[in-house]
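Reviewing the structure listed below.
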Amino acid sequence: MKTRYQLLIICLLVTASGCSSLGVKPWERDILARDDMLMEADALDLAFDEHIYFSKEASSGGQGFAGGGCGCN
């Protein structure tokens with residue numbers, strides 16, 4: 001029973017120490033700041049996606065706009 005607790009404590013310590021190396025290092029930030037690393041890198045694709053979302057979701061108040069999805073307003 002005592003060895004089970006010791007094994008559990010060792011596993012918890014090993015698991016907790018794995019989180020100590022998370023984060024972006026200063027020399028890695030230039031790579032992550034590139035334009036092609038953005039979630040929405042292409043402005044034209046983003047505009048199309050927002051238009052489709054607005055057209056389909058406007059009847060339920062999508063993106064804070066009122067009006068119907070049919071474009072009546």
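The values are calculated or read from the model by the stated rules, or taken from the named source; none is laboratory data. Note that this is a predicted model, so its numbers are computed, not measured. Ideal geometry is used to build each Cβ from the backbone, glycine not excepted, and the neighbour counts take in all protein chains shown.
General remarks:
- Tally of residues being exposed (fewer than 12 other Cβ atoms within 10 Å of the Cβ), modelled with pLDDT of 75 or more and outside any loop (DSSP other than H, G, I, E, B) across region 33-69: 8
- Among residues of region 34-54 that are without any contact (Cβ under 8 Å) to a residue 12 or more places away in the chain, those with a beta-carbon under 7 Å from a residue that is of a type in the set (Gly, Ala, Ser) at least six positions away or on a different chain give the pairs Asp35/Ala41; Tyr53/Gly62; Phe54/Gly62.
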